[in-house]
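Structure first, then comments.
The values are calculated or read from the model by the stated rules, or taken from the named source; none is laboratory data. Note that the structure is a prediction, hence the values are computed from the model and not measured. Cβ coordinates were reconstructed from backbone atoms using ideal geometry, including for glycine residues, and neighbour counts include every protein chain displayed.
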Amino acid sequence: MTRGWELSPASFDCLLQALAPDRDRAALAYESLRGRLIAFFEWRACPNPDELADRTLDRLAQKPAGGAEVEQIYSYCCAIARLLMLEARREREHNEVVAQQAPRLQAPPGRAQTATLEALRACLERLPAKSRSLVLDYYEQDRLAKIEQRKGLAGRLGIPLNALRLRAFRVREALEKCVRESLSGGNELPKSVTRK
């Protein structure tokens, strides 16, 4: 992905337009493609298949958003997924090597996990109630139950599934940033999230 490139509502719309000219058919095609990508990563025992599927779609959106036409969009998407799978494997192998070579004087994992959980709870508390509820509901269930949960959540909010995904992604991204900053001494949520 190009450095500094970020999925925006406009680039997401370009991706939907590339999938199908009709907005409803494009949304269905998007959800179907995302489900197939999750299955692709699950079958290959990749960690975080949901996240890898989202990253694949983000990279896929970069092409039409840049004005390029993708003739074989599904083949192109499969190529991106394969590259991400290889990147994830290399990253996992690298992390395993680093973990093996790391000095044994580090804090026990339980303490680090506790600190991360406490930071996450504190960051969740600082979110506006609507954003906190959205992100907790969005990530609550597993697999098939998660799909139904998200459809129901989108219905309650009166927004399409793709808009719900984008909102949840933004809140999750803000939470991750807040947790990282909390663990390194800062603890600010981005203003775009605290205003919502």
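Quick check, is Tyr30 part of a helix (DSSP H, G or I), over 19 Å from the mean Cα position of the chain (by Cα) and of a type in the set (Ser, Thr, Tyr)?
Against the criterion (part of a helix (DSSP H, G or I), over 19 Å from the mean Cα position of the chain (by Cα) and of a type in the set (Ser, Thr, Tyr)), Tyr30 does not qualify.
Are there any pairs with C-beta distances below 7 angstrom linking a residue in region 69-86 that is within 16 Å of Leu52 (Cα to Cα) to a residue that is among the aromatic types (Phe, Trp, Tyr), with the two at least 6 apart or on different chains, and if so which?
So the pair list comes out as Ala81/Phe40; Met85/Phe41.
Just to be sure I understand, how many residues within region 1-27 are assigned to a loop (DSSP other than H, G, I, E, B) and under 21 Å from Val171 (Cα atoms)? Spell out the reasoning first.
The initial filter retains those residues of region 1-27 that are assigned to a loop (DSSP other than H, G, I, E, B), namely 1-8, 20-22.
Subsequent filtering for residues that are under 21 Å from Val171 (Cα atoms) retains 4-8.
Number of matching residues: 5.
Does region 26-46 include one or more residues that are of a type in the set (A, V, I, L, M), over 20 Å from Arg167 (Cβ atoms) and either modelled with pLDDT under 85 or in contact with a Pro (Cβ under 7 Å, 6 or more places away or on another chain) (or both)?
There is no residue in region 26-46 that is of a type in the set (A, V, I, L, M), over 20 Å from Arg167 (Cβ atoms) and either modelled with pLDDT under 85 or in contact with a Pro (Cβ under 7 Å, 6 or more places away or on another chain) (or both).
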